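Read the figures in this text as sums done on the coordinates, not as results from a lab. Just so it is clear, the structure is predicted and the values come from calculations on it, not from any experiment. Methodologically, a virtual Cβ is constructed for each residue, glycine included, from the backbone with ideal geometry; neighbour enumeration extends over all protein chains shown.
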Ligand code: SAM
């Protein structure tokens with residue numbers, strides 16, 4: 001049984017990077033009056049409260065989106081302004097502390113004729129996702145499937161109108177997720193080479209995580225597809241040496257995720273320029289120590 005619950009992490013720096021990129025892609029792809037299918041292979045609960053007990057325990061939103069919300073004057077780029085505007089749509093009252101996950105961000109930007117397929121395996125989060133989606137009254141547009149997203153997405157590719165975005169955001173709780181990402185993206189490219197694929201991954205000291213973007217790049221190059229790779233580091237991955245009197249296990253803060261990346265195959269041509277403008281702002285807003293930096297490369 002999975003123990004990962006995205007409610008602990010909603011709105012953290014990894015969500016900020018991933019969701020900013022997602023907003024840029026979906027806005028571009030929904031600009032045309034041709035139906036789009038979005039497949040979110042790892043959907044989570046869809047909607048979160050940043051004043052929930054889980055969010056308070058982790059404090060991750062505090063180090064993520066709350067920093068952006070607290071300093072909107074530092075978010076001057078088109079993309080971060082659009083991100084903040086979208087959050088405002090979910091929180092018209094200053095008291096409201098909702099954070100939309102990928103399903104709700106996407107649905108908010110879709111046209112009526114677009115479709116959204118949401119895969120989630122965790123029983124509690126599937127139930128929450130179903131409840132949240134039911135409130136939207138968009139049953140014909142959004143399907144919630146309690147199934148393995150790696151396998152389940154196959155049946156939707158290629159989509160009837162031949163326009164699709166796949167969002168693949170596993171928790172990487174199990175090591176095999178890394179190889180599953182590679183196998184399923186390879187398979188998806190065979191089924192539908194012109195689809196847009198967005199993969200998120202953590203920057204952690206694990207060979208599989210380190211290799212994932214390199215292997216996706218090789219895959220995209222072999223398939224003669226355009227690609228873009230963006231990563232955001234917010235702090236050093238090393239433990240800070242604390243004086244011995246402070247080395248009280250109960251009080252010591254865990255190091256947390258130092259950074260993450262997104263790899264996009266067939267990105268919109270507008271994405272790179274939008275990130276060139278937004279990434280320095282994200283480093284400025286979310287950086288926690290002098291190691292904070294971003295990397296951006298593309299085909
Ligand atoms: N994409 C979401 C967002 O941005 O708001 C967050 C997703 S969270 C990182 C990953 C989710 O995938 C968890 O809710 C987990 O229960 C779910 N999950 C894990 N393995 C899965 C699988 N094979 N298929 C579908 N969902 C899975």
Pop a pseudo-label 7 angstrom from the Cα along the beta-carbon direction at both residue 218 and residue 175 and give the gap in nm to one decimal. 1.9 nm
If I take every Cα pair under 8 Å that is 6 or more residues apart in region 61-153, average their sequence separation and divide by the length, what percent do I get for the relative contact order? 22 percent
Simple label model, 7 Å out from Cα along Cβ direction - residue 296 to residue 273, nm: 1.2 nm
May I ask you to derive the FRET efficiency for residue 53 and residue 139 from their Cβ-Cβ distance with R0 = 35 Å, giving the value to the nearest 0.05? 0.70
Between region 176-224 and region 56-71, what's the alpha-carbon centroid distance in Å? 29 Å
Taking r as the C-beta separation of residue 111 and residue 236 and R0 as 51 Å, the FRET efficiency to the nearest 0.05 is 0.75
Crossing angle, helix 13-29 versus the chain [Cα axis fit, 0-90 degrees, rounded to tens]: 20 degrees
Whole-Å semi-axes of the ellipsoid equivalent to region 6-206 (Cα gyration tensor, √5λ, descending): 26, 20, 17
Inter-probe distance in nm under a simple model that places probes 7 Å from Cα toward Cβ, at residue 190 and residue 147: 1.9 nm
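Out of all DSSP beta bridges with both ends in region 6-206, state the antiparallel percent to the nearest 5. If you can, show how the numbers build up before the last one.
Numbers: 3 of 19 bridges.
The antiparallel proportion sits near 15 percent.
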Degrees between helix 78-90 axis and first principal axis of the chain (Cα, 0 to 90, nearest 10): 90 degrees
Nearest 10 degrees, 0 to 90: what angle lies between the long axis of helix 271-286 and the longest principal axis of the chain (Cα atoms)? 20 degrees
If contacts are Cα pairs under 8 angstrom and at least 6 residues apart, what is the relative contact order of region 6-206 in percent? 29 percent
